[in-house]
Amino acid sequence: MAIDQFGGLGGWDFEGFHSGGDTECWKRLGAHLVTLHDDERGEVKGTRFTVWAPNAQAVRINADFNWWTGDAMQLIPNTGVWVIFVEGVGEGTLYKYNILGADGVWREKVDPMATFAEQAPANSSIVYESKFVWDDDEWMAKRATTQAHAAPMSIYEVHLGGWRKGKSYLELAHELVEYVKWQGYTHVELMPVAEHPFVPSWGYQVTNYFAPQSRLGRPDDLRNLIEALHKAGIGVILDWVPGHFPKDEWALGRFDGTALYEHADPRQGEHKDWGTYIFNYGRNEVKSFLVSNALYWVSEFHIDALRVDAVASMLYLDYSREPGEWVPNQFGGNENLEAIDFLRYVNKHLYERVPGVCLIAEESTSFSGITREVHNGGLGFGFKWNMGWMNDSLRYLALEPIYRQWHHNEMTFAMVYQYTENFVLPISHDEVVHGKGSMINKIPQDDWRKFATLRAFYSYMWAFPGKQLLFMGCEFGQRSEFNEDASLEWWVTDLWGHHGLQRLIKDLNELYVAHPAFWKLDSDPAGFRWINADDVSGNTFSWVRSDGEGQQIACVINFSSEPRHDYRIGLPASGTWTEILNSDAAVYDGSGGVGNLGRVISTADPSNGFDHSALVQVPPLGAVFFRYEPEPVAIEEKADADYVPKRSGATRVTAPFDLDAAPEHLAVERE
């Protein structure tokens, strides 16, 4: 018997793919190294190439092994799948598919299932087989038992190509990991790493959904980076883009001469704003393709969470469209019922399939039930980005302090809907591009006030209910907008203001992880209580966070340029409240002149609806946090300007923060 012309595949292998139930279609489609049996020669090694092109008249494999002249592929009956086995061909082979459409036009296409691709501007698919042996069992076992809602999540969003320009996955496995661990983040979020030819798209216009971008190295190099992060105790979130794909003629668009992955009707199948195609979520094969892609990153690359991009554009048929430019659903509404079903399917499958995995929605509307369980009528996401909180708070920061009193509610309104969803508080790349200005330059007045305000805001953000996300460079107050063609401005971290802000983020992360009151009850009203949400004239906000097991932390944030001396705050208990953070401390490049000598004493004097209260000193444009100590704590009282309260009590700072204490490779770079 000769070698099977279908490479060992049959129609039954694609029944799940056609029904929408194949969640691992990358194992059947694409290029695979296989060994087949020949009666005369025994085992024969080679590569099987398989592609779905149901409307094609013919398909050829164009590759370096045939000098790009094309070898005919065979159609597996009743599948729409074309296949060829090429003996002696192995890893590293460059190839494309040449597809003759029903219109008589040949189109050369890359493999939708390729797991490796040439670096742009070249685009050939590459035969690749991972040889990586994972060594992160301890992390994976811990992840499987972690309840994300009741665990700390402080996220550093990273554009890998711009963090330090020119660094590879393997170099980042040392340098990025060391920095993130030093800063104390619990997670990194990687902007889309799937292959994309246009760098300024930041990876949001994907041409190869199963292939990591090759600019930074090979797929196993990315696995090495992810494993290094896991070994450092850092989770990895990947941006995933199932909402749209680009129109590059060599990629998914009009793949076999017809609208195969996208809707044929441009009112349903195109995003005019982005110049992209929209996936046809009602087509079973497309559902198999996308759910498989989600599982592929989670299972093959040990990704811990997927942040799903542009969910709002998927949910609404009239998203960014004028009347007459969209097609209503079967009930006459504007909800994309097929996309809603698809999102529920992906969430349900991944949560059931992979213990500890998490999906996060970037969703900017008031669509109900984003994080409600699928069986309760929701979409099933674990978290939703709180875009309302982000927009409100950034508008507030941009105001001169004297005008903030008339916009006080913009900083408190998020608590009105805080427990309708499970939220992530995002300050992402979208907020520091396209003329919006960097975080430090959003704030008015001089540099002292800019840095003080930003320190107060980050303190507010870390203490507010919800998980935190901060885009790279924002942690040290980079002045320039994000530029994908350049590295972050690391040299400024040696300068006044910048290095203090960077140190504050480090300490905020340490405080956050060490104190369950900041995260354990993020999704439970029992974890938060306003002290005073109505100090409009003072531009001051105060509240208590609790872990439900006795730990209580009072947070006071002053967005006024005036200090608040002997400011009375209600508290839930009498006794010692240790000052665990003062954002105006000298070590953060603050004035260091307004503090609480390490503690305040609460007495049985009712205030703000509490039975107890204390007088506290709150610095201008500053934040102070106090932890309740059920037992008396001995604290050495110091009034010096270099005094900085710490979690373990008061400490004398003998020198300003020195970046030499940071990872060695991030010591100062000067041009």
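Every number in this text was worked out from the coordinates using simple rules, so none of it is lab data. Owing to the predicted nature of the structure, the values given are computational and were not obtained by experimental measurement. We place every Cβ from the backbone using ideal geometry, glycine too, and count neighbours over all the protein chains shown.
Points to keep in mind about this one:
- Debye, to nearest 20: dipole size of the chain, +1 on Lys, Arg Cβ, -1 on Asp, Glu Cβ: 760
- Each Cα pair under 8 Å and six or more residues apart adds its sequence gap; the mean of these over the residue count of the chain is a relative contact order of 10 percent.
- Charge context of Pro121, other residues only, Cβ under 14 angstrom, K/R +1, D/E -1: -3
- With a cut-off of 10 Å between beta carbons, the residues surrounding Phe6 carry a summed charge of -1, where Lys and Arg count +1 and Asp and Glu -1.
- Degrees separating the helix 447-463 axis from the principal Cα axis of the chain, which is the longest one: 70
- For region 280-370, GluC sites (Glu not before Pro) are listed when DSSP marks them as loop and at most 13 other Cβ atoms sit within 10 Å of their Cβ; the list is Glu325.
- Seen from all directions on average, region 35-165 presents a Cα convex hull projection of 14.3 nm².
- Gain on full extension, evaluated as 0.36 nm per residue between Thr420 and Trp496 minus their Cα-Cα distance, stands at 23.3 nm.
- Annotation note: GluC sites (Glu not before Pro) in region 25-100 located in DSSP loop regions with a Cβ neighbour count of at most 12 within 10 Å are Glu40.
- Of the residues Val513, Val51, the one with the fewest other Cβ atoms within 10 Å heads the list, and the complete ranking is Val513, Val51.
- Per residue, the chain reaches -6000 deg cm²/dmol at 222 nm when only DSSP H runs of four or more residues are counted, each adding -39500 (n - 2.57).
- With respect to the chain, whose longest principal axis is taken over its alpha-carbon atoms, helix 284-300 is tilted by about 60°.
- From the Kirkwood radius over Cα pairs of region 169-293, Stokes-Einstein at 37 °C and 0.692 mPa s returns a whole-number translational diffusion coefficient of 205 µm²/s.
- Kirkwood-Stokes translational diffusion coefficient of the chain, alpha-carbon pairs, 37 °C, 0.692 mPa s, µm²/s: 122
- Net charge dipole, region 11-126: roughly 300 debye, given to the nearest 20, about the Cα centre with Cβ charges of +1 for Lys and Arg and -1 for Asp and Glu.
- For Arg41, Arg529, order by how many other beta-carbon atoms lie within 10 Å, fewest first: Arg41, Arg529
- On the basis of the beta-carbon distance and an R0 of 22 Å, Ser480 and Arg215 show a calculated FRET efficiency of 0.50.
- Fewest-first sequence of Ser583, Ser574 by Cβ atoms within 10 Å of each Cβ: Ser574, Ser583
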